[in-house]
Structure formats: C-alpha cells, structure tokens
1. Can you name the residue in segment 325-339 that is open to solvent by less than 10 Å² (accessible area, probe 1.4 Å) and of a type outside the set (Gly, Ala, Ser) and, of all such residues, is farthest from Arg384 (Cα to Cα)?
2. Going by the conditions given, is Leu323 at positive phi, within 23 Å of the chain's Cα centre (by Cα) and not small (Gly, Ala, Ser)?
3. Does Arg403 count as in contact with a Pro (Cβ under 7 Å, 6 or more places away or on another chain), modelled with pLDDT of 95 or more, in a helix (DSSP H, G or I) and not small (Gly, Ala, Ser)?
4. Looking at segment 435-470, which of the residues that are under 20 Å from Leu42 (Cβ atoms) and part of a helix (DSSP H, G or I) is most open to solvent (accessible area, probe 1.4 Å)?
5. Consider segment 246-269. How many of its residues are crowded, with 23+ Cβ neighbours inside 10 Å and under 11 Å from Ser285 (Cα atoms)?
6. Looking at this structure, is Ile289 under 20 Å from Ala218 (Cβ atoms), surrounded by 21 or more Cβ atoms within 10 Å (Cβ to Cβ) and either within 22 Å of the chain's Cα centre (by Cα) or free of Cβ contacts under 8 Å to residues at least 24 places away in the same chain (or both)?
7. Take the residues in segment 136-160 that are charged (D, E, K, R) and in contact (Cβ under 8 Å) with a residue 60 or more places away in the chain, then tell me which one is farthest from Ser337 (Cα to Cα).
8. Looking at Leu383, Leu360, Leu364 in this structure, which one is surrounded by 14 or more Cβ atoms within 10 Å (Cβ to Cβ) and not β-branched (Val, Ile, Thr)?
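The values are calculated or read from the model by the stated rules, or taken from the named source; none is laboratory data. Keep in mind the model is a prediction, meaning the values are calculated, not measured. Counting neighbours? That spans all protein chains shown, and the Cβs are built from the backbone with ideal geometry, glycine included. All accessible areas refer to the heavy atoms of the entire protein, side chains included, with ligands and DNA or RNA removed. Shrake-Rupley method; radii C 1.70, N 1.55, O 1.52, S 1.80 Å.
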Amino acid sequence: MDTSTASPPALPAPPVLSRNASEPLAQQLAQRFAARIHQRLLLPGARLPSVRDCARHHGVSPYTVVAAYDQLLAQGLLEARKKRGFFVRETRPQPARLPSASPAPSGSPLPQPVDASALIRGMFQADARRSPGLGTLPAEWLDLPLLQATLRRLASQADDALLSGYGDPLGDLRLREALSLRLLDLSVQAAPSQIMSTVGATHGLDLITRAFLKPGDAVLVDDPGWAIEYARLSQAGMRLLPVPRGDLGPDLAVMRRLVAEHRPRMYVTVSVLHNPTGATLSLSSAHQILRIAHEADLLIVEDDTYAFFAPNHAPRLAALDQLQRTLYVSGFSKMLSPSWRVGFVAASPDRIAQLTELKLLASLTTSPLMDRAVALCLEQGLLRRHAERVSVRLETARQRCARLVEEAGLRFTAPPAGLFGWVDVGVDTERLAQPMMDQGWLIAPGILFSPTRQPGTLMRINFATSQDARFWQALVATVERLRR
C-alpha cells in the first residue's frame with residue numbers, strides 16, 4: 001500500500017517556557033536560543049526574531065526578550081546591528097586572505113556566504129517527516145533491499161585485486177564503462193578514459209576548483225544557487241560573480257556584462273532541475289551560454305547531480321559542447337543513498353589527466369568496492385528501475401504539494417519539477433524560519449541560496465517531505481502573524 005500521502009504520526013511539540021521553573025523566563029529563552037546556536041541549527045549571520053515578534057510568539061513581555069538577548073550578547077553568541085536587529089555571531093576565526101589573491105573590485109557583491117556546514121548538519125540530522133527543507137530523499141524512499149543485495153553480490157564476486165588493492169586512479173574500469181554508456185543516453189560522448197570517479201559529486205567539484213582556478217580568480221555562479229558551492233569557492237579564495245537565474249536559465253545580459261568587466265575563468269551551474277528552483281535550462285539559453293564561453297575562453301562546470309530525476313533529453317551543455325570546454329559532474333548519492341559516496345567527472349582527455357594527477361596527490365584513489373557496487377547497479381538496470389519508481393512517486397508528491405501550495409494562497413516561481421520547489425510565501429523567510437522551528441518544522445529560507453546573503457520571501461521545499469497538510473497550516477498561520 002502506498003502511504004506517500006499519509007500524514008506522519010504526531011511528534012511532540014517543542015518545550016514551552018515555564019513560569020513555574022526555577023530559572024527566570026529570560027534565562028529559559030536565552031538557553032533555548034543558545035542550544036540552537038551551539039547545535040548549528042541557527043546559522044552564523046541568521047537574524048533572530050524582533051523583540052516584539054519573539055515576545056508575542058512565546059507569550060512573554062518585550063522586557064523578557066530584551067533580557068534574554070542581553071544574556072546572549074554577553075555570551076558572545078549574538079551581535080546587535082543598529083536599526084537591523086540581533087544576529088547570530090560568527091565565532092570561528094575567518095581565514096586570512098592569501099597574499100596571491102587579487103583584491104575584489106570595488107562595488108563587487110562578494111561577501112562571505114552562509115555557513116554551509118551548518119546547513120548540511122541541520123538538513124542531514126533532521127527528521128524527514130518534519131523537514132520540508134530537506135536536501136535529500138527521505139530514507140523510506142530509498143531501496144534498501146536493492147543496496148543490500150548489491151553489496152552481497154559484490155562480496156561473492158569480488159576478486160583478490162578488488163579486495164586488496166588501491167584500484168585504478170581513474171576509478172573502477174567497469175564503472176567507467178557503464179558510465180560511458182549512461183552518458184550516451186544523455187547524448188554526451190565520453191570514452192571510459194575520459195571519466196574519473198570521485199567521492200561524490202562534491203569531491204569532483206572540489207578537484208576541478210583546485211586544478212583549474214587560483215585564489216583571486218572570478219567565477220560566475222547562479223543566483224539563487226547551491227550554498228555549499230558558494231562556501232567552497234569562497235574558502236578557496238575565489239571571487240563570486242552572481243548571475244540571476246530565471247525559469248529558462250541565467251540572465252544573459254548580466255552574464256555578458258560580468259564577463260566583460262571581470263574576465264571570469266569559470267561558470268559553475270546546474271542546467272537541469274536547478275537547485276533550488278527546479279527550473280531547467282532552455283535550448284536557446286544553452287546555445288547562448290556556449291557562445292559567450294567560447295568568446296571569453298570560459299570553462300563551464302555543469303553539475304548534473306539530479307540527472308536521474310530528469311528526462312534524458314533535457315538540454316545539457318555537455319551534450320551540445322561534447323566536453324570541449326565543459327566539465328560534466330554527477331553522482332549517485334541523491335538517488336541511491338547518501339552513504340554511497342560515488343560521483344564522477346567527465347571531461348576532455350587533457351583535463352581528465354590533470355584531475356587524475358591531483359586526485360592521486362589528494363586521496364590516492366576512490367574506493368574500488370563502492371565504484372564496483374554502483375557499476376553493478378548500472379549494468380543490471382537496477383538503478384534505472386529504482387529511478388523510475390522514485391520518479392512516479394515524486395510526481396504524486398509534486399501534485400499533492402501543488403494543491404497544498406495553492407490552498408495556502410502561495411505560489412511557485414517556476415513550474416514544479418524534480419525534487420525541489422521554489423515557493424514565494426510573501427514574508428521574509430529568514431524571519432519565518434525561527435518560529436517554524438519553534439513549532440518543529442525545519443524550512444530552507446531563501447537566504448541560504450543567495451551568494452550575497454540577501455533575505456527575501458522565497459524558500460525551497462522538498463516535494464518528498466512537504467506533503468503534510470499540518471506543515472502548510474502552520475506556515476500560513478505563522479505568515480499571518482508576521483504580517484501583523
């Protein structure tokens with residue numbers, strides 16, 4: 001029986017402030033915020049509710065809230081910004097700028113991005129039943145018997161070399177042969193020698209950054225986009241150049257202006273089922289991007305992490321470019337399991353050679369056992385059939401979420417597609433996140449996906465984990481309170 005639309009069992013509400021406790025109300029409130037800051041559930045730079053909103057939400061006086069915030073200020077957990085409010089303080093030391101890094105040009109919107117590690121902790125440790133902002137499929141959607149059967153088959157078939165050796169620096173040959181065939185389905189021609197396995201797609205993106213960029217280089221990124229990529233590039237000393245991302249792709253006029261002004265070295269993008277909007281690049285935009293890249297000698301890194309959620313015929317830059325100046329990155333954690341950290345990069349022979357040398361220095365090789373496990377899933381059609389089942393279930397979830405969004409009087413900024421939706425709720429979602437967390441719901445506010453940390457009225461939802469009508473009822477009620 002399919003229970004994908006059934007309501008999960010009720011979970012206990014978060015603890016309320018007690019007037020009968022030995023600790024004063026202000027101390028209880030301060031302790032609650034402090035615990036969330038230490039657990040990284042409140043991110044550095046996050047804005048706390050205004051004194052009035054917080055007092056109304058917790059049923060206490062504004063004086064109590066001020067006293068609580070004063071305690072957090074004294075503990076060094078908050079900072080007060082004039083006429084803006086109270087913000088979680090960044091307590092870790094900032095890395096020193098490398099001497100070789102070029103200074104950012106004046107007027108360039110390049111502040112440090114959100115603390116992405118906090119986002120990862122919050123999303124991965126959360127209960128999927130109460131996490132509309134989750135970044136992965138919920139565990140019950142994964143095919144655990146498939147994974148277990150694959151590992152048993154691998155254990156019975158593995159030879160001594162597979163069990164005892166480091167493996168090929170490029171990755172397991174059978175995996176690369178299976179990937180070569182898989183890429184043909186996407187109209188990308190790549191020989192096995194042009195494919196290198198990685199420890200997930202993020203590892204591939206990191207190797208590309210280290211191989212082809214140097215501190216101070218300018219990099220075009222989608223806005224909105226993936227917070228982890230912003231943080232990773234910034235920590236490596238790159239200058240981020242945000243390009244507004246719409247339904248059909250990036251704003252090409254802005255891209256041309258940034259290319260002319262800053263001469264970026266690279267453009268990092270998600271062409272298909274973009275995170276967080278769910279939009280897919282149009283064929284016309286793809287051709288224009290490649291023309292700009294050719295004229296500016298720009299490398300393109302195409303992150304296709306959500307490939308198995310998308311149709312094979314969706315426009316991909318790597319298919320149009322055939323890996324001439326495109327590096328194609330993907331992985332299997334989103335569809336198979338987050339614990340199966342296998343990804344890959346496909347690129348031209350010379351670039352794969354550079355990446356392989358760097359991989360050897362950084363990690364020697366990837367796990368030949370995990371590479372082979374994914375190869376078995378590809379060779380025997382297990383992954384394809386699992387992806388088909390997930391796609392059917394996800395379509396049902398999207399339809400239900402679309403109804404719930406409409407009934408809530410909200411709207412999507414792009415037609416619902418893939419795993420994520422980008423929803424406009426009409427109020428600042430950074431302000432919304434805290435009272436929703438107080439009610440036990442973890443959301444992903446739009447500020448997490450902004451390279452310039454701009455607050456706004458948008459939030460990302462995961463269709464698989466946003467089907468509980470109680471969440472949307474709580475959201476609407478909280479939005480109404482914030483509008484008063």
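1. Thr326
2. Values: at positive phi: yes; within 23 Å of the chain's Cα centre (by Cα): no; not small (Gly, Ala, Ser): yes.
Taking the combined requirement at face value, the residue does not satisfy it.
3. Details: in contact with a Pro (Cβ under 7 Å, 6 or more places away or on another chain): no; modelled with pLDDT of 95 or more: yes; in a helix (DSSP H, G or I): yes; not small (Gly, Ala, Ser): yes.
Here the answer is no, as Arg403 does not meet what is asked.
4. Met437
5. Total satisfying the criteria: 2.
6. Working: under 20 Å from Ala218 (Cβ atoms): yes; surrounded by 21 or more Cβ atoms within 10 Å (Cβ to Cβ): yes; either within 22 Å of the chain's Cα centre (by Cα) or free of Cβ contacts under 8 Å to residues at least 24 places away in the same chain (or both): no.
Answer is no for this residue.
7. To start, the set of residues in segment 136-160 that are charged (D, E, K, R) comprises 140, 143, 152-153, 159-160.
Restricting the remaining residues to those that are in contact (Cβ under 8 Å) with a residue 60 or more places away in the chain gives 143, 153.
Details: Asp143: 9, Arg153: 18 Å.
Taking the candidates together, the pick is Arg153.
8. After applying the criteria, what remains is Leu383.
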